[in-house]
């Protein structure tokens, strides 16, 4: 290409299908495999940016939800404030989803046509319309570093015929997304534009592969998506109600066939075990609400399995959430104290559990990368899974 | 005294009645006048200890509520965890109140007798009994560095006869508190005991002066309290519904008569203006829920007056909460963003406003101390008050 890229990706070590690499965005270099905390409304719930940037978490990229930000505070506010980075004060890399999954999740509240999706806002009930063109425009205003195409999520239990139709629509929407996106980059609509060294400074655009559990349709969706051409490729429509075995079959079939020189992103998945299983199949990027959402309801992810802080057995327990964790929370607070905070309805309970859970997810990814570099990933994978399941304590 | 003290206090500069000094506790030296954030349930609501210790806040001492901690998580839990410092992970100085004010506030839910106060727990409705002896015992278990005597708060509108009775009861309870406290120190019941350099390492005990707005009874209460002898003296029963002018009359009459070589603590007061007016009358220590409680309901204290972040005029406002504030929140986030967080129900709104408000209170106290040292306090007081009131913006 004569035009510099919007994003660079380089695999630096491989161990089986598992790989580690460097994803160079216009806002810094990200080591992969990477976990992206979910920042729905321009904030990762219950945790400050200062903590996300701290050495125990050090999140290099977070996710923003187009659907949520579009409805509140709205495009006008974010435009007036110069894009999502300047509006929120987060200066590291941002990926935004397209809103496709959120409006699809509304079920009966939305109507999907060739043109796009009509739906009622969850904020004020007003009638709204989202399409590839609208989504690209909103994401240009947000100025995220990585933009996702507008797709239709296929239901996990869709039959072959339904899925085929859906995959066709997703492909046509992907083309329209690409076209609208390119035009917006040309006219300078991207509010996040930077003078990134060696990069174009533009936004990057990722395509999304759909197809439910039908492997032939997944392959066909991948082919059509790659033909359009994107800076990265995502696997969508998983973890939406299908069996875990189906999910891993799809990932195992698809990931190794995805362009090896482009990042592979598994959307909305999953538990720490899921991440490691997906890495083993060649995935590079993840996002999931589990560490933050479950943190707010009192669940901690630890190297010895999940722990529910409400449990009476922790009433006098002086140990940290995870004895092998070095995060700020584990260095300072006992289970007894965190349980007290939770029962007393104190915000610090959510704050602390969210912090620890994110530390655990991000640290797990650090361990994954390290083990791939040292060609020890199979051992890491086995021992990690054994520790998680062998412990009957919680 | 042949016995080393539990607390040392030294006035280092005086400007009119306003004074600055050093309060040496077994957990570090505190510059006065000092503002103490309120940590009711073993956490200052919506803010982490790491932030309280950060350079923009740097709170040297926080307050814990005996009533709340006694009911939940309860003395057994805190005892099992080695006292409130070890339980919570807060390693700087702690002052605990006696619970007297909290049970008094329960109104019809409590019954006061010579022996103590019977009341129903707000947590589970169970019948409980608090007395000088019980309060001292609970505070020894908490292991706070400064313990408050168990007193009866007098209603702001109490007549002379009612107040005289109440002041008498407070004096008898103060004697019983002193006696119970001394015994507990002797037997080593204090779980916060340290090997403090040059100090006894024991807890310190403060007396409380009551008397509503009746200056003669306030003087008599002060005399009786000083006669018993304490490490510091507090003014209680203000900001409980009386007129502001009454409050300042009481402080203006009382503070200059309090032992000059002992810290003077005004309990539960107040706005930034109140603090400065009280400093001008000779007060050294403050605590108040305003910065934290109001922060959670969207109110910011700024050098140009109070600001309600919900206000529509801030929808696109790129300025920080307070343009002359250097706290982490003001350095990073705009009013537009904070307003969005508040309207979206995001915890980060409470977290951010709490942080800024505490920064403003603590920074105001830094300015107060500096101005007293440079003999500029009258100018500081005048300019601070003018800035607060001259601005019609909010």
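What to note about this one:
- Looking only at residues in segment A:380-394 that are out of contact with any helix residue (DSSP H, G or I) (no Cβ under 9 Å at 6 or more places or on another chain) and either within 21 Å of residue A:55 (Cα to Cα) or outside any loop (DSSP other than H, G, I, E, B) (or both), the one that is nearest to the other protein chains (Cβ to nearest Cβ) is A:387.
- Among the criteria (1) surrounded by fewer than 18 Cβ atoms within 10 Å (Cβ to Cβ); (2) at pLDDT 95 or above, the one residue B:1 does not fulfil is (2).
- When residues in segment A:342-379 are screened for being over 16 Å from residue A:288 (Cα atoms), within 14 Å of another protein chain (Cβ to nearest Cβ) and crowded, with 24+ Cβ neighbours inside 10 Å, 4 of them pass.
- Any chance residue B:134 is more than 20 Å from residue B:189 (Cα to Cα) and either under 24 Å from the mean Cα position of the chain (by Cα) or not in a loop (DSSP other than H, G, I, E, B) (or both): no
- Selected residue (only one of B:201, B:192, B:156, B:213 is outside any helix (DSSP H, G or I), in contact with a helix residue (DSSP H, G or I) (Cβ under 9 Å, 6 or more places away or on another chain) and under 21 Å from residue B:9 (Cα atoms)): B:192
- Residues (within 26 Å of residue A:67 (Cα to Cα) and part of a strand (DSSP E or B)) located in segment A:25-45: A:25, A:28, A:30, A:34, A:35, A:36, A:37, A:38
- Matching residues, segment A:323-341, being within 7 Å of another protein chain (Cβ to nearest Cβ) and in a helix (DSSP H, G or I): A:328, A:332, A:336, A:337, A:340, A:341
- Conditions (1) out of contact with any strand residue (DSSP E or B) (no Cβ under 8 Å at 6 or more places or on another chain); (2) within 13 Å of chain A (Cβ to nearest Cβ); (3) crowded, with 18+ Cβ neighbours inside 10 Å: number failed by residue B:18: (2)
- Filtered by the rule that a residue be in a loop (DSSP other than H, G, I, E, B) and either free of Cβ contacts under 8 Å to residues at least 40 places away in the same chain or buried (at least 22 other Cβ atoms within 10 Å of the Cβ) (or both), segment A:83-95 gives a lone residue, A:90.
- Residue A:153 meets each of the listed conditions (1) at positive phi; (2) surrounded by fewer than 24 Cβ atoms within 10 Å (Cβ to Cβ); (3) under 20 Å from the mean Cα position of the chain (by Cα) apart from (1).
- Residue match in segment B:283-290 (condition: within 18 Å of the chain's Cα centre (by Cα), part of a loop (DSSP other than H, G, I, E, B), more than 10 Å from every other protein chain (Cβ to nearest Cβ) and surrounded by fewer than 22 Cβ atoms within 10 Å (Cβ to Cβ)): yes
- Within segment A:115-126, the set of residues being farther than 27 Å from residue A:204 by Cβ, more than 24 Å from the chain's Cα centre (by Cα) and not in a strand (DSSP E or B) comprises A:124, A:125, A:126.
- Residue in segment A:96-114 that is within 22 Å of the chain's Cα centre (by Cα), within 14 Å of another protein chain (Cβ to nearest Cβ) and either exposed (fewer than 15 other Cβ atoms within 10 Å of the Cβ) or touching a residue at least 24 places away in the same chain (Cβ under 8 Å) (or both) present: no
- Selection within segment B:70-82 - crowded, with 22+ Cβ neighbours inside 10 Å and either under 13 Å from the mean Cα position of the chain (by Cα) or closer than 12 Å to residue B:143 by Cα (or both): B:78, B:81
- Set side by side, the residues A:129, A:181, A:101, A:150 differ, and just one is modelled with pLDDT of 95 or more and part of a helix (DSSP H, G or I), which is A:181.
- Hits in segment A:347-378 (condition: under 15 Å from residue B:87 (Cα atoms) and either more than 25 Å from the chain's Cα centre (by Cα) or without any contact (Cβ under 8 Å) to a residue 12 or more places away in the chain (or both)): A:348
- Test: residue A:55 is on the phi < 0 side of the Ramachandran plot, at pLDDT 95 or above and outside any strand (DSSP E or B): yes
- Residue match in segment A:66-82 (condition: farther than 28 Å from residue A:277 by Cβ and assigned to a loop (DSSP other than H, G, I, E, B)): yes
Here is a yes/no grid of residues against (1) out of contact with any helix residue (DSSP H, G or I) (no Cβ under 8 Å at 6 or more places or on another chain); (2) under 30 Å from residue B:205 (Cα atoms):
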residue: B:249; (1), (2): no, yes
residue: B:263; (1), (2): yes, yes
residue: B:269; (1), (2): no, yes
residue: B:280; (1), (2): no, yes
residue: B:303; (1), (2): no, no
residue: B:308; (1), (2): yes, no
residue: B:325; (1), (2): no, no
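For every residue, the table says whether it meets (1) out of contact with any helix residue (DSSP H, G or I) (no Cβ under 8 Å at 6 or more places or on another chain); (2) away from every other protein chain (no Cβ under 12 Å).
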{"residue": "B:38", "(1), (2)": "no, yes"}
{"residue": "B:48", "(1), (2)": "no, no"}
{"residue": "B:53", "(1), (2)": "yes, no"}
{"residue": "B:57", "(1), (2)": "no, yes"}
{"residue": "B:63", "(1), (2)": "yes, yes"}
{"residue": "B:69", "(1), (2)": "no, no"}
{"residue": "B:73", "(1), (2)": "no, no"}
{"residue": "B:78", "(1), (2)": "no, no"}
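- Condition check for residue B:270: in contact (Cβ under 8 Å) with a residue 60 or more places away in the chain and part of a loop (DSSP other than H, G, I, E, B): no
- The one condition in (1) crowded, with 24+ Cβ neighbours inside 10 Å; (2) in contact (Cβ under 8 Å) with a residue 60 or more places away in the chain that residue A:167 fails to fulfil: (2)
- Across segment B:311-320, the qualifying residues are those that are part of a loop (DSSP other than H, G, I, E, B) and more than 17 Å from residue A:48 (Cα to Cα), and the one among them that is farthest from the other protein chains (Cβ to nearest Cβ) is B:311.
- Residue within segment B:226-242 that is touching a helix residue (DSSP H, G or I) at 6+ places or on another chain (Cβ under 8 Å), surrounded by fewer than 19 Cβ atoms within 10 Å (Cβ to Cβ) and not in a loop (DSSP other than H, G, I, E, B) present: yes
The values are calculated or read from the model by the stated rules, or taken from the named source; none is laboratory data. These numbers come from a predicted model, not from an experiment. Neighbour counts are summed over all protein chains in view; Cβ atoms, including those assigned to glycine, are modelled from backbone coordinates with ideal geometry.
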